[in-house]
1. Working only within region A:37-78, note down all residues that are in contact (Cβ under 8 Å) with a residue 24 or more places away in the chain, in a loop (DSSP other than H, G, I, E, B) and either among the hydrophobic types (A, V, I, L, M, F, W, C) or over 13 Å from residue A:202 (Cβ atoms) (or both).
2. With among the hydrophobic types (A, V, I, L, M, F, W, C), in contact with a Ser or Thr (Cβ under 6 Å, 6 or more places away or on another chain) and closer than 14 Å to residue A:28 by Cβ as the only criterion, which of A:205, A:261, A:239, A:212 stands out?
3. Test of understanding: among B:241, B:274, which residue is under 20 Å from residue B:179 (Cα atoms) and either among the hydrophobic types (A, V, I, L, M, F, W, C) or away from chain A (no Cβ under 14 Å) (or both)?
4. Let me confirm something: among A:80, A:59, A:31, A:87, which residue is of a type in the set (Ser, Thr, Tyr) and more than 30 Å from residue A:183 (Cβ to Cβ)?
5. Taking the conditions exactly as written (at pLDDT below 90 and buried (at least 16 other Cβ atoms within 10 Å of the Cβ)), does residue B:204 satisfy them or not?
6. Test each condition in (1) part of a helix (DSSP H, G or I); (2) under 26 Å from residue A:93 (Cβ atoms) for residue A:241 and report the one that comes out false.
7. Enumerate the pairs (first residue in region A:114-129 and within 14 Å of another protein chain (Cβ to nearest Cβ); second residue anywhere and in a helix (DSSP H, G or I) and of a type in the set (A, V, I, L, M, F, W, C)) with beta-carbon separation below 7 Å, excluding pairs fewer than 6 apart on the same chain, so at least 6 apart or on different chains.
8. If you check residue A:147 against the conditions, is it away from every other protein chain (no Cβ under 14 Å), within 22 Å of residue A:207 (Cα to Cα), of a type outside the set (A, V, I, L, M) and touching a residue at least 12 places away in the same chain (Cβ under 8 Å)?
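The values are calculated or read from the model by the stated rules, or taken from the named source; none is laboratory data. Computed from a predicted structure; not experimentally measured. Cβ placement follows ideal geometry from the backbone for every residue including glycine, while neighbour counts extend to all protein chains displayed.
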Amino acid sequence: MDFLVFQYPMITVQACLDGILLGVLFALIAYGMALQWGVMNIINIAQGDLVILGGYIAYFMYLYGIHPAWGVIVAPVIMYFVGIAIYKLVINKVVDRDLFISILATFGISILFMQLMNFAFGADVVLANSGYGTTMLFDSNVVLPNSKIFSAFISILFAACLVIYMKKSKLGRAIRATAQNARAAKILGVDTEKVYAATFGINAALCGVAGALISITFTIHPYMGLPYTIRSFMIVIVAGLGNLPGVAMSGMGLGVFEEFADYILGTEFRIGSVFLLLVLILVYRRFKLSRKREYLK
Amino acid sequence: MNKNNLILYSGILIFGLAAPFLFPAFKVQLSILCVLIVLATTWNIQGGEMGYNSFGNILFYGLGMYLCASVQVGMFFPLAEWTESGGEKTFVHTPTQFFQGMAVGLIVAAVVPTIVAGLIGYSILGLRGHYFAICTLGLGVAAGEISGGIEIIGAGQGFTTPPFPDVGSLEARGEFFYFLSFFTLILTFIAVRSIYSTRFKLILNAIRDNEDKAEAMGIETMKYKIIGWMISAFFCGLAGGIMGGLVGYIDSTDVAFDGREMGVFMVLMAILGGKGTLWGPVIGATIFHIFKEGFWTFFLGWQYVALGVLIVVIVIYFPEGIMGWLREKYPERFGEVVDEKDRKAQVELK
């Protein structure tokens, strides 16, 4: 136990700022998850692995001498097609089946991706150095890497673009219509199959952006995907489907929680505390709903 | 029990008893197979019969593994020093100590997870469908991450279980663990079989088919769900304890709370064989183990790729499993057997 947090308020400020910048990234991933969950009713366990794959794209650009920040543009393009491919191969066969089937199938994809990435890129923890330097605040008591600020800014930019796209474009409207009622949308001439593929592609592209940003700001490793899936799942169930401000807020909240868990419990319990938080949140919701004799749907 | 069944069961029993002497080289593999069958069968109790698909039974398995080893060491030696020194070099169990420790350890390994399941059951089993699945997935991973941070059970560097004592014969270790796991398997099978012939199974099936209606019919669903999960946890813990001794080394995320391997295996084996059948998990586990060993040996390094593809293929194209396929193909042989008495009662009602 470390009570530095309470003795030095600057550490609290540092943790909060770190957490918020991190949380924006989580919110971006969670947004993708909310999108496909809402539209296709699929929980994608491979979400985190798509993130890590996006990260490796940026990392490879860095290895070949291109500035990794360009990965923010390249990764989503590649990941969009990866997403479409996964949809065509696997997801379209589980869309209207039992949710457990989709969980298990994407779990299989997750294991597959994990191991393929392990073969292709090695089991080392890597990061793409952006060389952005740091910003000092409050008499250099709080240190913020510029890369984190950059990544938070880019995440917000992408999320905003996507929201506008979903509101204004034809495909966006088709996606929202399918989310509301797939059958009615089909009757009115929406090609739901195409909409599903596009949704999954957009989700993968969002993961690609987030992954590229994570490879710049933090580190990536082939086996680090599952925590990102769980985080985004948690954010979505706290915020609710289709509640964007909620996703942003709970993402930041989760980021701050994690930073504090890191300081107080120690880094070795960081991931554990995330998973425990998930269990606690679910149990809390269950008891709250059971008073009304309802359950999580 | 009719005549065919009697022949089948006694054949399996005789084969099981003779196997370590017929195939001495495969003793460890056969013991692992027994453990896998136990895990698949017990997963099937709440996964297949009750419809609560859990990824978290690995929690009880890992818990049993750590408990059995800790009790076995802790009964005779200081646990902290054992893990710190890497165990076996400083302290040596005499044969009596080893077997006493193992016996007490296995009892603890079975009982404590059952209690844990009972305690968390009320909160967790109130969740349904995919929320339950993800929640239990979170539980399993959290347990692995947390146990990886606890010093007294070896933290990240792992925990060596007591080595098998020198009892004169080189074969003794393999035979001991084989018979231990084989008798656990028989115990599990008998227990599950007798459970499946009672009203309890019908209640579980009612919960699976429509929980709200089952509740409306006056069944206290929560009570039966918790009991079902506790039965699962009991045998999972037992299997974990045996597996810990068999492997000889416990690591928090790679051996004990190995959600990525064992946690998925038990689900996959049950689905491969056929969810919600008595023999399905047994067949599924056997086929899966043979397939897995073949792959693990000949395609070393590609095993997880194969596993991922296998999961996707089974889930998409074969969700009913082998028993489900047989049922559809040969309903007169493998279909649901309606009891003669039941049928007569039905006729009378009409």
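1. A:41, A:42, A:43, A:45, A:46, A:67, listed by residue number.
2. Working: A:205 fails: in contact with a Ser or Thr (Cβ under 6 Å, 6 or more places away or on another chain); A:261 fails: closer than 14 Å to residue A:28 by Cβ; A:212 fails: in contact with a Ser or Thr (Cβ under 6 Å, 6 or more places away or on another chain).
Selected residue: A:239, the only one of A:205, A:261, A:239, A:212 that is among the hydrophobic types (A, V, I, L, M, F, W, C), in contact with a Ser or Thr (Cβ under 6 Å, 6 or more places away or on another chain) and closer than 14 Å to residue A:28 by Cβ.
3. B:241
4. A:59
5. The answer is yes for residue B:204.
6. Here residue A:241 meets the rest and fails (1).
7. If the second residue must be in a helix (DSSP H, G or I) and of a type in the set (A, V, I, L, M, F, W, C), the pairs left are A:115/B:305; A:116/B:305; A:117/A:52; A:117/A:53.
8. So residue A:147 fits the description; yes.
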